[in-house]
Amino acid sequence: MAKETQQSRRERYLTFFLGEEQYGIAIDQIKEIIAMMKVTNVPKAPAYIRGVINLRGSIIPVVDTRLRFGMAQREVDMHTAIVIIEVQKINIGFIVDRVEEVASIDAASMSEPPRFGNHIDGDFISSMAQMEQNVVMILDVVKLFKDEELFNIEQIQKKD
């Protein structure tokens, strides 16, 4: 047992940027990363749902991650990507400003996220990781959505 505590666990995360902030998602939740492509609008969907894409015959709902996080929308550029993530057996595309890397992060460099009080919903941040000069916010993608929102996203996927 003593040997286990000395040798810290390393987990792999896909890191990406939204503006100047760096985020990470556990690599086992990532299905693939694709270049930005045409997104078909879905009427009456929540504002953060950009629409759907047809990816090799599969209809994938696409979330504008910036809008989901309460950030300003941004023009698509050559770095913009869609990260396809599996959330409770539903594939969802997340638009990100720029994919950075797959990083191995030592569990010892992770810490609990700060609690911001009742007015700021930070529950979707599972931990904070120190990487060189940056702090990477590790996301819990399940907590990004309430059950009802996941159900609605699943319904959008089934419509087409």
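For the stretch 57-80, which positions are under 11 Å from Met36 (Cα atoms) and either polar (S, T, N, Q) or in contact (Cβ under 8 Å) with a residue 60 or more places away in the chain (or both)? Talk me through it step by step, then tell me what you get.
In the first step, residues of the stretch 57-80 are kept if they are under 11 Å from Met36 (Cα atoms); the result is 62, 76-80.
Of everything in the stretch 57-80, just one residue is under 11 Å from Met36 (Cα atoms) and either polar (S, T, N, Q) or in contact (Cβ under 8 Å) with a residue 60 or more places away in the chain (or both), namely Thr80.
So which of Ile82, Ile156 ends up being surrounded by 11 or more Cβ atoms within 10 Å (Cβ to Cβ) and modelled with pLDDT of 80 or more?
After ruling out the rest, the residue left standing is Ile82.
Out of all the residues in the stretch 52-65, which are within 18 Å of the chain's Cα centre (by Cα), farther than 13 Å from Thr80 by Cβ and not hydrophobic (A, V, I, L, M, F, W, C)?
Scanning the stretch 52-65 gives a single hit, Pro61.
In the stretch 5-26, which residue that is in a strand (DSSP E or B) and among the basic types (Lys, Arg) is modelled with the highest pLDDT? Spell out how you get there, then give the answer.
We begin by selecting, within the stretch 5-26, every residue in a strand (DSSP E or B); these are 10-18, 21-26.
Okay, now just the ones that are also among the basic types (Lys, Arg), so 10, 12.
On the way: Arg10: 83, Arg12: 94.
Going through the qualifying residues, I end up with Arg12.
Tally up the residues in the stretch 37-50 that are surrounded by fewer than 18 Cβ atoms within 10 Å (Cβ to Cβ) and part of a strand (DSSP E or B), please.
Adding up the residues that qualify gives 1.
The values are calculated or read from the model by the stated rules, or taken from the named source; none is laboratory data. The shown structure was predicted, so the numbers you read here are calculated from the model rather than taken from an experiment. Because the Cβ atoms are built from the backbone with ideal geometry, glycine has one as well, and the counts that use them run over all protein chains shown.
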